[in-house]
Amino acid sequence: MKISQTFMPTLREVPGDAVIASHRLMLRAAMMRKLANGLFAYLPLGLRSFRKVENIIREEMNAIGALEAKPTVIVPGEIWKESGRWDTMGEALLRIKNRQDADLVASPTAEEAFTALLRDEVSSYRQLPLTMYQINTKYRDEIRPRYGVMRGREFTMKDGYSYHTSEESLDDVYQAMGRAYRRIFKRCGLTVIPVKADTGAMGGTGSEEFMVESEIGDNTLILCRDCDYAANVEKAACKPDFEAPASIEAAKAAAAQTPAREKIDTPAVRTIEELCAFLKTDAKQFIKTLIYRGINVEADLSAAPGGSKLEKKSLAPDAPKTYPEAFFAVCIRGDLDVNETKLAAAIKASEVSLASDADVERFTGAPVGFAGPVGLRDIPVIADDSVTAMADAVTGALEKDKHYIHAAYGRDFEPWLVTDIRTVVAGDRCSVCGGELYEKKGNELGHIFKLGNKYTKSMNFRYLDADGKSQIPTMGCYGIGLDRTLASVIEEHHDDDGIVWPMTVAPYHVMIVPIKYDGAVREAADSLAAELEAAGIEVLLDDRDERPGVKFKDADLIGIPLRVVVGEKNLPKVEVKKRTEKESRLTELSAAAAELTGIVRSELAGLNG
């Protein structure tokens, strides 16, 4: 391909709103242009690399037996109402009405679409397991799109879905997907960190994210210095720095050694820091109690304090019933922070947030700052594991300017639920080996889930088993963001001069740069290009009437892995340079095609192997 025959409007200046390398370079190297905030169009050069990422993903999906399909991007709102996500997805879900006043959705993901398609076609266990995928456009109405295609509103995803008659079958595909994802990212030249993750609004149990390290990452990764433990902070656990009692009876026995609970005056003392100063102790001696509001809570609260006053409702005729709103008193040791993702997972809520001051006073009878678990009656108490070891603690007394001392878990209060809701931080100890944990920022490229029957049950997907009984299949979900993957390749592979493409995803393998595209130089450049293309090598030939310096700068900017300079001075030799190397070398024109072909094939084999 000659540059004169393509469209490659490179830029010398850095666009003002581009703050990360991939955003800057994708604009400067003529890979894409911005149409509107969060909406980007790929230009020919960028689309070539995009298609290569797409083909790598397609090849690996096909290799493990996944079948490609193509549902529509706009789907009926009714199927989202069936699953319950019409109301729970929030404002990121773009809801549309057509001229018949029917509700439609611009798909941000396709659990509903695939389940709706297959429930009408699959009726027997003999048709399962079944794994299907699509590579298709998605839309999420991000409140603050940023970083170019790293977080845009419209994007392309590979999302796959599997349906099974057993957990064993689901696990087989889940593991195969995990291996395929590792191959995909290796072939793209990416260094990824697989981490344990929360399933979030997707629901389900098992979940693994594939992250790349990034200074502007949306995710905090927790990793161990001494073993391969890695988790998203939303899911990360750590080795307890306390010894919890073996049972509630053991907790009561420990509390029996503690002086009786005593209410003390703490005038104008509300925060943990103020209490530490007032009582001359440290935060580990306090039980911090926060009132949280949960939305669309699926957990059964019928036996919980105040639960009898709540009523589960269905957001749609066939959707699962939830409590539209429920409040919880959340207790944790004073030096720790509540992990809201873990909390939402514990109560099966679509989201959680701190309650308003008015709601805090309604449930505790006291201003903000004086909540505590002792004496709470009409609200479920959820305690972090750390609280179970607190046999002599300070906590709010549900009264202005009052706190309890000598409060004891098991004697003075028993939570409705005890679970891990602690946010793990750098310096905590690894739950696997006890080593020190540390943090990194990362961006998610792919995510695989074990969804269970969250969607198949709510959308009434049933099949007959070997005994003729009606069953609900269990389900898996597997996604990769193509745009973000492409941008991440650039984030990992660039220098001060431009992009440094891995061979597998470079828009072209070789760039031929004639010093002046005329006479013997033109003949040599055309001949070399033809010989390379005949060997299956992708060539970009710079036939512009430009100064050599301009051509060299563009070659470095767009990052083609191999550059060949053809000049009258060196013929019958040409100058070959790898984009990853500083120095070039001369090689005979007659041998150049074979040499370049060998380099290309060797690098492709190394990444694809």
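Details
- Only one of Gly434, Gly442, Gly446 that is in a loop (DSSP other than H, G, I, E, B) and either of a type outside the set (Val, Ile, Thr) or farther than 30 Å from Pro76 by Cα (or both): Gly434
- Of all residues in the range 71-93 being more than 16 Å from Tyr139 (Cβ to Cβ) and of a type outside the set (Asp, Glu), the one that is nearest to the chain's Cα centre (by Cα): Thr88
- The strands (runs of 3 or more DSSP E) falling completely within the range 1-95 that include 3 or more residues that are touching a Lys or Arg at 6+ places or on another chain (Cβ under 7 Å) map to 39-42.
- Pairs where the first residue, in the range 394-423, is under 21 Å from Gly306 (Cα atoms) and the second is aromatic (Phe, Trp, Tyr) and assigned to a loop (DSSP other than H, G, I, E, B), C-beta under 6 Å, 6+ apart: Gly396/Phe370
- Residue match in the range 543-566 (condition: under 42 Å from the mean Cα position of the chain (by Cα), more than 28 Å from Glu491 (Cβ to Cβ) and surrounded by fewer than 22 Cβ atoms within 10 Å (Cβ to Cβ)): no
- Those residues of the range 78-99 which are under 24 Å from Lys321 (Cβ atoms) and β-branched (Val, Ile, Thr), in sequence order: Ile79, Thr88
- Where Phe155 falls short, out of the listed (1) part of a helix (DSSP H, G or I); (2) surrounded by fewer than 23 Cβ atoms within 10 Å (Cβ to Cβ): (1)
- Failed item, numbered, when Glu208 is tested on (1) under 30 Å from Phe370 (Cα atoms); (2) crowded, with 19+ Cβ neighbours inside 10 Å; (3) of a type outside the set (Gly, Ala, Ser): (1)
- Of all residues in the range 504-526, those that are of a type in the set (Phe, Trp, Tyr) have Cβ atoms under 8 Å from Cβ atoms of residues that are in a loop (DSSP other than H, G, I, E, B), 6 or more apart or on another chain, in Tyr508/Met1; Tyr508/Glu538; Tyr508/Ile560; Tyr517/Asp542; Tyr517/Asp543; Tyr517/Arg544; Tyr517/Asp545.
- Only one of the listed residues (Arg462, Arg484) is surrounded by 24 or more Cβ atoms within 10 Å (Cβ to Cβ), charged (D, E, K, R) and touching a strand residue (DSSP E or B) at 6+ places or on another chain (Cβ under 7 Å). That residue is Arg484.
- Checked against (1) at pLDDT below 95; (2) closer than 30 Å to Arg187 by Cα, Leu47 passes all but condition (1).
- Scope the range 516-537; condition surrounded by fewer than 24 Cβ atoms within 10 Å (Cβ to Cβ) and touching a strand residue (DSSP E or B) at 6+ places or on another chain (Cβ under 7 Å); matching residues: Val521, Arg522, Ala524, Leu528, Ala529, Glu533, Ile537
- Annotation: Pro473 fulfils all but one of (1) under 27 Å from the mean Cα position of the chain (by Cα); (2) surrounded by fewer than 24 Cβ atoms within 10 Å (Cβ to Cβ); (3) of a type outside the set (Phe, Trp, Tyr); the unmet one is (2).
- Pick from the range 394-407, criterion closer than 22 Å to Ala244 by Cα and more than 40 Å from the chain's Cα centre (by Cα), ranking: surrounded by the most Cβ atoms within 10 Å (Cβ to Cβ): Ala407
- Val360 vs. criteria part of a loop (DSSP other than H, G, I, E, B) and at pLDDT 95 or above: no
- Matching option when the condition is in a helix (DSSP H, G or I) and not basic (Lys, Arg), among Leu376, Leu398, Leu343: Leu343
- Residue within the range 270-285 that is at pLDDT 95 or above, among the hydrophobic types (A, V, I, L, M, F, W, C) and outside any loop (DSSP other than H, G, I, E, B) present: no
- For the residues Ile490, Ile512, the requirement of being part of a strand (DSSP E or B), modelled with pLDDT of 95 or more and under 44 Å from the mean Cα position of the chain (by Cα) singles out Ile512.
- Single residue of Arg422, Arg362, Arg333 found to be buried (at least 22 other Cβ atoms within 10 Å of the Cβ), of a type in the set (D, E, K, R) and within 16 Å of Leu290 (Cβ to Cβ): Arg333
- Once the range 408-419 is narrowed to residues that are part of a strand (DSSP E or B) and among the aliphatic types (A, V, I, L, M), the residue that is surrounded by the most Cβ atoms within 10 Å (Cβ to Cβ) is Val418.
The values are calculated or read from the model by the stated rules, or taken from the named source; none is laboratory data. Being a predicted model, the structure only gives us computed values, none of them experimental. Cβ atoms come from the backbone with ideal geometry, glycine included; neighbour counts cover every protein chain shown.
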